[in-house]
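Written below as structure tokens is the structure these notes are about.
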Amino acid sequence: MTASEPETRAPRRGPAPVQGMGMLIGLLFLVLAALELMAGVPDGGGPRVLFGVLAVSGVWTLVHLLTGAAAVFCTRSSCWAARFLVVAGACYAVVGLAGLLPLPHAITDTLPLNTAGVCLDLALGTGMLILGAGWLRRRPEQPR
């Protein structure tokens, strides 16, 4: 190759890294929902707690199941995976921020938020936002 010839790259095969991260996050949410289902019905009608730390409810289980299924579905394309990470990350970050505020009992009874849950929502939301926005900002050489 001479100095005047442009460097040619072989097209990259396989899924984009953002698709792999989206699949990993989707599977994480599905496993979390399965663990919440295995936590069972609480004794004495109190709130359910996963691993003695995270407050869970039927609504949280449904949210985690739907989030995991959407993540797995959206990993078919790198663009969809990145968009999912941005949208879901923003939603979880907002839920985490809302957990820092005093909320009415109607909301906290349906979606119990304790300190561990708020920290988890903020961390997952921020991480998903960074991954998705970083990939959307990147300008790939070839569409995938």
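The values are calculated or read from the model by the stated rules, or taken from the named source; none is laboratory data. Predicted model only: the values in this text are computed from it and were never measured. Neighbour counts are summed over all protein chains in view; Cβ atoms, including those assigned to glycine, are modelled from backbone coordinates with ideal geometry.
Against the numbered list (1) surrounded by 15 or more Cβ atoms within 10 Å (Cβ to Cβ); (2) in contact with a Ser or Thr (Cβ under 7 Å, 6 or more places away or on another chain); (3) at pLDDT 85 or above, Val59 comes up short only at (1).
Of all residue pairs spaced 6 or more apart or on separate chains, those with beta-carbon atoms under 6 Å, a first member in the stretch 106-119 that is crowded, with 16+ Cβ neighbours inside 10 Å and a second member that is part of a helix (DSSP H, G or I) are Leu111/Val59; Val118/Gly96.
Leu129 - would you say it is aliphatic (A, V, I, L, M), under 15 Å from Val63 (Cβ atoms) and in contact with a Gly (Cβ under 9 Å, 6 or more places away or on another chain)? In short, no. May I ask you to list the residues in the stretch 34-53 that are at pLDDT 85 or above and either touching a Lys or Arg at 6+ places or on another chain (Cβ under 9 Å) or of a type in the set (S, T, N, Q) (or both)? Result: Glu36, single match.
Counting only helices (runs of 4 or more DSSP H) that sit wholly inside the stretch 70-144, those with at least 3 residues that are of a type in the set (A, V, I, L, M) are 78-98, 115-137. Look at the stretch 15-35: where a residue is closer than 13 Å to Leu131 by Cβ and a partner is among the basic types (Lys, Arg) and surrounded by fewer than 17 Cβ atoms within 10 Å (Cβ to Cβ), sitting 6+ places away or on another chain with Cβ atoms under 7 Å, you get Ala16/Arg144.
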